[in-house]
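Read-outs throughout are calculated quantities, based only on the coordinates presented, and are distinct from any laboratory measurement. In this text, all values refer to a predicted model and were calculated from it rather than measured experimentally. Here Cβ is always computed from backbone atoms with ideal geometry, including for glycine, and neighbour counts include all displayed protein chains.
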């Protein structure tokens with residue numbers, strides 16, 4: 001288990017969505033750490049699937065999808081986790097578990113991160129949102 005520092009967007013990334021997403025992941029990770037979780041992995045690639053954050057507190061492991069939007073966007077970030085995205089998250093969770101064989105309680109969380117005008121994030125954490 002590693003406790004790597006937050007990863008920000010590549011400094012040369014010109015895509016504002018990537019920078020927004022990386023900052024939202026940083027904010028979400030800080031929130032989990034304040035609640036006693038430790039970082040296990042970040043931006044885990046499993047073929048074409050990805051898990052933004054894997055965090056642990058005791059034997060509880062959360063596989064976290066961070067969805068971000070600017071406050072000016074009419075669509076709430078949590079509403080973007082439906083249909084194919086939800087299926088991809090379930091497949092990523094199964095692939096991660098199969099590849100790691102990690103004992104403990106596994107859950108899938110979604111963090112809705114809305115960026116305000118001053119760059120601050122309002123986070124809403126939805127725990128254990130997807131199951132098979």
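Which order do the peptides 109-115, 43-49, 85-91 come out in when sorted by mean C-beta neighbours inside 10 angstrom, highest first?
109-115, 85-91, 43-49
Report the label-to-label distance for residue 46 and residue 84 in nanometres (one decimal), using points 7 Å from each Cα along the Cα→Cβ vector.
A separation of 1.9 nm, rounded to one decimal place.
If you consider only alpha-carbon coordinates, what radius of gyration and Dmax does segment 89-132 have, in Å?
Over segment 89-132's Cα set, Rg and Dmax evaluate to 14.2, 42 Å.
Highest first, please rank the peptides 28-41, 52-65 by the mean number of other Cβ atoms sitting within 10 Å of their residues.
Values: 28-41: 16.6, 52-65: 19.6.
So the peptides 28-41, 52-65, ranked by packing, come out 52-65, 28-41.
For segment 16-126, what is the convex hull volume of its Cα atoms per residue in Å³?
Numbers: hull volume 10.7 nm³, N = 111.
Spread over its residues, the Cα hull of segment 16-126 gives 96 Å³ apiece.
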